[in-house]
Amino acid sequence: MESCSFEGVPISIAYADPRNGTWWACQDHGHWGVKLQRSKDRGKSWEEVTAPAYPEGEEVKDGMPATTRYLWSMAHGGNNYTSRLWIGTDPGGLFVSEDGGNSFQLVESLWKHPTRKEGWFGGGRDLPGIHSIVVDPRDEDHIHIGISCAGIFETTDAGKSWAIRNKGMSADFLPDPTVETGFDPHIVVAAPSNPDFLWQQNHCGIFRSTDGGKNWIDVSEPQGPARFGFAIAVAGDNPDQAWVAPADSDVNRTAIHGALVICRTDDGGKTWKQLRNGLPQENCFDIVYRHALVNDSNAVVFGTTTGNLFFSPDRGENWEVINNYLPMIYSVQFAD
Amino acid sequence: MALVKFTYALKRFFPKLADTKANGKTLPAVLQEIEASYPGVTKYVLDDQGRLRQHVNIFIDGVMIKDRTKLSDPFQENSEIYIMQALSGG
């Protein structure tokens with residue numbers, strides 16, 4: 001292990017900005033609130049910067065003051081906006097920095113979206129949260145975000161206005177599954193080689209879009225295992241290849257039958273292959289959280305709720321253990 | 001002047017934190033003085049809207065404050081104000 005920072009402090013997101021090598025740690029102090037730390041020397045030293053905060057008087061719902069409860073996603077603003085950073089929070093606010101993270105401002109247009117107060121609710125956390133921020137590298141004002149529970153929202157003007165992109169998704173946990181918002185995408189990612197190909201691991205299955213989120217298609221295996229889970233990753237060189245880390249079900253959030261499996265599709269979700277070689281196949285209770293499965297070229301890495309970190313050099317065909325005794329793993333990323 | 005004391009747990013983040021005398025006549029005024037001495041510390045104690053964080057307590061002369069929203073609990077010239085973490089979770 002090269003370094004360990006903030007021992008004993010839960011880190012919701014560990015993020016390395018590929019543009020400049022800056023490391024970020026989103027902290028979740030139980031007592032002292034969320035904090036944001038920045039390192040420009042790969043974790044040798046850190047400086048605390050002001051974490052995103054809700055302006056005075058803002059409310060989650062009528063009578064419930066808004067305070068940042070969790071930093072749940074972080075993304076850089078692209079190569080044309082070198083000082084821009086995005087952060088998604090619980091209770092549902094998106095924040096943007098235009099000064100390299102020295103300060104963050106609430107994105108008012110989304111916070112004031114007419115669906116928010118009545119149509120968004122907690123999922124995974126007590127209040128709504130933004131866990132996915134997908135910036136289109138072809139046009140960095142074009143962004144998709146994922147909210148639990150609300151769904152997928154899209155902006156084409158860097159957050160000035162938003163469109164709901166939930167068509168084709170299901171929300172079978174709702175009394176009225178035909179609602180406009182209230183969907184539970186656990187994570188949303190885009191294929192680097194074709195950003196119009198979006199993938200999401202949703203509470204109600206695995207969904208894919210080939211038209212930038214305008215339409216979603218359920219590509220789950222009805223009988224599993226590729227069905228319920230939290231994480232998803234897409235190959236850098238193939239928009240039809242993706243990995244998921246299945247859990248049993250929403251009512252039983254453990255490995256399926258005590259065995260850890262990663263599933264990969266090579267054909268856009270038509271079929272899924274079970275990858276188990278090198279993964280524990282008995283007495284295993286690990287699941288993989290939404291930001292803890294990533295890939296880079298042929299390498300795939302995931303971390304689990306029981307502190308196991310696994311690595312595959314060949315797109316998941318074979319796995320080896322990197323570490324068995326880490327704390328619960330929330331977030332994994334390749335860093336240069 | 002009131003004397004402000006802090007839980008040892010805050011010293012992890014503010015190593016120089018020590019008992020501090022404050023002139024303020026209200027809790028928000030006292031915290032403002034503390035913030036001037038230890039920049040950033042009030043963000044650990046108060047949330048975005050200036051309310052006492054859920055798992056933080058303030059005691060005035062051994063009595064827990066009642067108003068966690070506006071921090072309007074009164075205190076005396078020579079009161080001891082103790083900022084502590086609630087032992088939530090065990």
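Mind checking which residues of segment A:268-297 are touching a residue at least 60 places away in the same chain (Cβ under 8 Å) and part of a loop (DSSP other than H, G, I, E, B)? Scanning segment A:268-297 gives A:268, A:269, A:290, A:292, A:297.
For residue B:11, the conditions (1) more than 11 Å from the chain's Cα centre (by Cα); (2) modelled with pLDDT of 95 or more; (3) part of a helix (DSSP H, G or I) are fulfilled apart from (2). Taking the numbered list (1) within 14 Å of another protein chain (Cβ to nearest Cβ); (2) surrounded by 17 or more Cβ atoms within 10 Å (Cβ to Cβ) in turn, residue B:9 passes all entries but (2). Residues that are away from chain A (no Cβ under 14 Å) and not in a helix (DSSP H, G or I) were ranked within segment B:26-63; the one that is farthest from residue B:85 (Cα to Cα) is B:26. Residues considered: A:330, A:289, A:325. Of these, the only one that is over 20 Å from the mean Cα position of the chain (by Cα) and hydroxyl-bearing (Ser, Thr, Tyr) is A:325. If you filter segment A:249-290 down to residues that are of a type in the set (D, E, K, R) and within 20 Å of residue A:148 (Cα to Cα), you find that the one that is modelled with the lowest pLDDT is A:250. Within segment A:148-192, the set of residues being more than 22 Å from residue A:250 (Cα to Cα), open to solvent by less than 60 Å² (accessible area, probe 1.4 Å) and out of contact with any strand residue (DSSP E or B) (no Cβ under 7 Å at 6 or more places or on another chain) comprises A:157, A:158. Here residue B:90 passes the criteria (1) in a loop (DSSP other than H, G, I, E, B); (2) within 12 Å of chain A (Cβ to nearest Cβ); (3) at pLDDT 95 or above except the one numbered (3).
The values are calculated or read from the model by the stated rules, or taken from the named source; none is laboratory data. All values derive from a computational prediction rather than experimental measurement. Quick reminder, even Gly has a Cβ in these numbers, built from the backbone with ideal geometry, and neighbours come from all protein chains shown. To get the accessible areas, we keep the full protein, side chains included, count just its heavy atoms, and leave off ligands, DNA and RNA. Shrake-Rupley method; radii C 1.70, N 1.55, O 1.52, S 1.80 Å.
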